[in-house]
Amino acid sequence: MHAGRTTGEPQGEHSRWVARDIDSKLDERHFRLLVETVRDYAIFLLDTRGRVASWNAGAEQIKGYKAREIVGKHFSLFYPQEVRDSGWPEQELEIALREGRMRDEGWRLRRDGSRFWASVVITALRDEDGQHIGFAKVTRDLTEVRRVKALEDEGRRMTTFLAMLGHELRNPLAPIANAVSVMQLEKIESENLRRCRDIIARQLAQMTRLVNDLLDVGRITSGKVRLEMSEVDLANSLHEAVEMAEPLALARSQLLTVETGGGEVPVRGDHARLVQVFSNLLNNAVKFTPEGGSISASLRVVDENAEVSVKDNGPGIPPARLADIFNLFVQGEEQPEHLGTGLGLGLSLVQQLVVLHGGDVGAFSAGVPGKGSEFVVRLPLLRDADPA
């Protein structure tokens, strides 16, 4: 009889039994290693009374407890006091025991007392005889996911609000514009009345521009804006925008220059929207450049792209603000005298329209008064066309 062989047991059967035993131990060890090293999920066991019986790396990372600090303590420690007082942790175990498992989402506490939004699954564990032996609990930190979803929901609500606000404001503008037109046709003897009429006309134009910006933001963010794409000479678009901004610059005694190189620069785009892009940049430069300042617009071809630059010698933009300058409702807070002259929509519209054209826009400034700022719009040249 060979050592290690059981009496009467066939050698082949013994070998298979040993192999199964080794495989079982390996599987158990691999599973335990997997659970212990996972860091994205808190995976741990509870005894039948809800006390923590095991602790993995993910549980330590998410909840902040070391194993020696938490093993043996009741899992209700992870719940805010008001939830513990309601008896919900114990109810979770009752549901899991009755139904086999239970899922829940809610606020949980870390060791330092901070809250996080958790997705929880509790599963009742039973042995081979069906005897209840404890619970397995898996927790995932969804705080960031919840925050992103909240921001997306807020963005949708903001888009709806902007669209509604724009339409509601637009309704009274038409009769006001008609009334101003009639007043301008009539001969008014009183200088004071003429001045009041002209003030109304100017403010009406400002109101109309703001309402149109609101409506454009709503259309773009909801994906409803339509571009009439065709071959466009970017030089013509820039010249048209300069002509629109010139009266504003003259009113502030500013020098506005334009340089396009004299040749055609073809791109594929919506001419009206491109004029709007450059007009917004020029109007922004006029607004934030002091009286007597200078503004330049230039167009050049760089490799396969056309670049339009709008540069001024105003107060500039602090470098820390460059990261959010294209966000909605961001204004030049460092120049209080300009607050209230807009809604902070112009640059956001510029960025969104440029992106819709397959391009990009950047802002550059040292934040030094007199050095000003520069905005550069880059658009792809029309393929198979001579940039001239």
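The values are calculated or read from the model by the stated rules, or taken from the named source; none is laboratory data. Only a predicted model underlies this, so the values are computations on that prediction, with no experimental measurement involved. Every residue, glycine among them, receives a Cβ derived from its backbone with ideal geometry; neighbour counts consider all protein chains shown.
In table form, for the structure just shown:
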read-out	value
Residue ranges of helices (runs of 4 or more DSSP H) in the stretch 46-112 with at least 3 members free of Cβ contacts under 8 Å to residues at least 60 places away in the same chain and over 31 Å from the mean Cα position of the chain (by Cα)	67-70, 81-86, 88-99
Strands (runs of 3 or more DSSP E) within the stretch 213-294 that include 3 or more residues in contact (Cβ under 8 Å) with a residue 24 or more places away in the chain and crowded, with 16+ Cβ neighbours inside 10 Å	266-269
Selection within the stretch 303-316 - part of a strand (DSSP E or B) and farther than 21 Å from residue 353 by Cα	312
Matching residues, the stretch 118-176, being hydrophobic (A, V, I, L, M, F, W, C), modelled with pLDDT of 75 or more, in a helix (DSSP H, G or I) and over 18 Å from the mean Cα position of the chain (by Cα)	173, 174, 176
Residue identified as modelled with pLDDT of 90 or more and closer than 21 Å to residue 282 by Cβ among 214, 248, 255, 210	255
